[in-house]
1. Return the distance in nm (one decimal) between the two label points of a simple spin-label model at THR27 and GLN62, each offset 7 Å from Cα along Cα→Cβ.
2. How much mean residue ellipticity at 222 nm does the chain get from its helices, if each DSSP H run of length 4 or more adds -39500 (n - 2.57) and you divide by all residues, to the nearest 500 deg cm²/dmol?
3. Identify all lysines with a Cα-Cα distance to LYS145 below 24 Å; exclude those on the same chain that are fewer than 8 residues away in sequence.
4. May I ask you to list the lysines whose Cα is less than 24 Å away from that of LYS101, ignoring any residue fewer than eight positions away on the same chain?
5. What's the extension gain from TYR43 to GLU192 if we count 0.36 nm per residue and subtract their Cα-Cα distance?
6. Could you calculate the FRET efficiency of GLU80 with ARG144 from 1/(1 + (r/R0)^6), where r is the beta carbon distance between them and R0 is 22 Å, rounded to 0.05?
7. Restrict the search to the range 86-146; then list the GluC sites (Glu not before Pro) that DSSP places in a loop and that have at most 12 other Cβ atoms within 10 Å of their Cβ.
8. Computed from the coordinates I sent, volume of the Cα convex hull per residue in Å³ equals one of (i) 164; (ii) 119; (iii) 202. Tell me the label.
Amino acid sequence: MDITKRQMDIVEAAIAIIARQGYKELTIKNLAQRLGLTEAALYRHFSSKGELIRTILDYFEQLSGDVITAIGEQNLPPLERIRMFVMNRYRLFTLNPDLAKVLFSEELFKHDPSLGRHMESIIHAHRDAVIYYITAAQAEGSIRKDLDQVDLFRIFVGSMRFTVTQWNLSGQRFDLVQAGEHLFNTIVKLIEETT
């Protein structure tokens, strides 16, 4: 994804507006005011609100893809690969809570079905990578073989989503990375092979 510094500034400002004020408040006028630009200047970078939202999703997709690639390049046990993916999400959202609010909001996707499909494809890429690691962990005997891989993916990622939402609703009053690590370890205790 090729994005200029100015476009990234616009993306970050758009994420902040959506997270703090809601999707309806993301207007070219509000965005221009926040950035100290004219509306015409914004249109030189993004032709529409829809294009801007797609760029936000592309940005997240690139971040995720980079993490999945980096994990794949390391010689690690499969369960450690799952840990790296999950913990990367916790660290990412700790650094950018607004991004978590935007990505976990269904409001963003109900106005344009194509955006929902785009997000679904990102989720499926996450699912495929994590299921690959789960399958490998089951094959080596570190995760119980009687557990469904899709269910395990949902447990890892769904519990992460709930924890991040709880953290945001609390005003970030607890250490998200520490809570995530504790939760991950609890899940592993429940699913690990103990023979």
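Read-outs throughout are calculated quantities, based only on the coordinates presented, and are distinct from any laboratory measurement. Everything quoted here is computed from the prediction, not taken from an experiment. Positions of Cβ are generated from backbone atoms using ideal geometry, with glycine treated the same way; all protein chains shown enter the neighbour counts.
1. For THR27 paired with GLN62, the spin-label model returns 3.0 nm.
2. Numbers: 10 runs with 150 residues, N = 195.
Counting only the DSSP helices, I get -25000 deg cm²/dmol.
3. Result set, ordered by chain and number: LYS189.
4. Filter leaves LYS5, LYS24, LYS29, LYS49, LYS110.
5. Details: separation 149, 0.36 × 149 = 53.64 nm, distance 5.24 nm.
Full extension of this stretch gives 48.4 nm more.
6. On the way: r = 17 Å, r/R0 = 0.79.
Here the calculated transfer efficiency is 0.80.
7. On the way: sites: GLU106, GLU107, GLU120, GLU140; in loops: GLU106.
Answer by residue number: GLU106.
8. (ii)
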